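Below is one structure, written out as C-alpha cells, with a few remarks after it.
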Amino acid sequence: MAGIEILSRHSTCRITKEYFHEENGHLQRFNDRPPCLHSGRPLKYSPAVHLLIIRSLKKDRFLTLDEIRDSLLDPVPIMTIWRIIKNEGLDSRIACKKLFLNAKQIANRIYWCADYRKGWGKGK
C-alpha cells in the first residue's frame with residue numbers, strides 16, 4: 001500500500017490549500033476558525049443607532065417604522081430599521097393589551113364566572 005499513489009503531489013497541495021490553513025505551525029480546517037469580525041460590507045449605521053432603535057421599541061411596542069425613523073438623528077432607511085427589528089427577534093405583530101386588574105376586580109370576575117357557569121345547560 002505504501003508504494004501506491006492515490007493523488008498526485010499537485011492535487012494534494014491544492015486540496016491542502018483549499019480546505020486547510022496553517023495556524024501556529026499546525027494544519028487546521030477552515031470551518032474550525034472563528035468567524036472574522038470585519039467580514040462583508042460595512043454597516044451604513046452606527047451601533048449606537050442600532051441600540052437606539054431596539055431601546056425605543058422595547059419602551060413602546062406600538063411605534064411605527066416612520067415614528068422610529070423620525071426619532072433618530074441620523075437618516076436611516078425604513079427597510080434598514082425593519083431588518084434590525086427582524087434580526088433582533090422583535091416581530092411585527094400587534095402587541096396584546098395587558099389587562100391590569102386589581103384584587104377586587106379579580107374576585108368579582110371569578111364570582112361572575114362561577115354564577116354564569118351554574119346556568120349552563122339550562123334553557124332560559
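The values are calculated or read from the model by the stated rules, or taken from the named source; none is laboratory data. If you're wondering where the values come from, they're calculated on a predicted model, not measured in any experiment. Glycine gets a Cβ as well: all are built from the backbone with ideal geometry, and neighbour counts include every protein chain shown.
Annotations for the structure displayed:
- Within segment 82-124, considering residues that are of a type in the set (A, V, I, L, M, F, W, C), outside any helix (DSSP H, G or I) and modelled with pLDDT of 85 or more, the one surrounded by the most Cβ atoms within 10 Å (Cβ to Cβ): Leu101
- Exactly one residue out of Leu73, Leu52, Leu37 is at pLDDT 70 or above and under 21 Å from the mean Cα position of the chain (by Cα): that is Leu52.
- The set of residues in segment 67-85 being touching a helix residue (DSSP H, G or I) at 6+ places or on another chain (Cβ under 7 Å) and either within 28 Å of Lys97 (Cβ to Cβ) or without any contact (Cβ under 8 Å) to a residue 12 or more places away in the chain (or both) consists of Ile68, Arg69, Ser71, Leu72, Ile78, Ile81, Trp82, Ile84, Ile85.
- In segment 36-66, the residues that are among the basic types (Lys, Arg) and either closer than 24 Å to Cys96 by Cα or touching a strand residue (DSSP E or B) at 6+ places or on another chain (Cβ under 9 Å) (or both): Arg55, Lys58, Lys59, Arg61
- Total residues in segment 66-81, condition part of a loop (DSSP other than H, G, I, E, B) and exposed (fewer than 12 other Cβ atoms within 10 Å of the Cβ): 3
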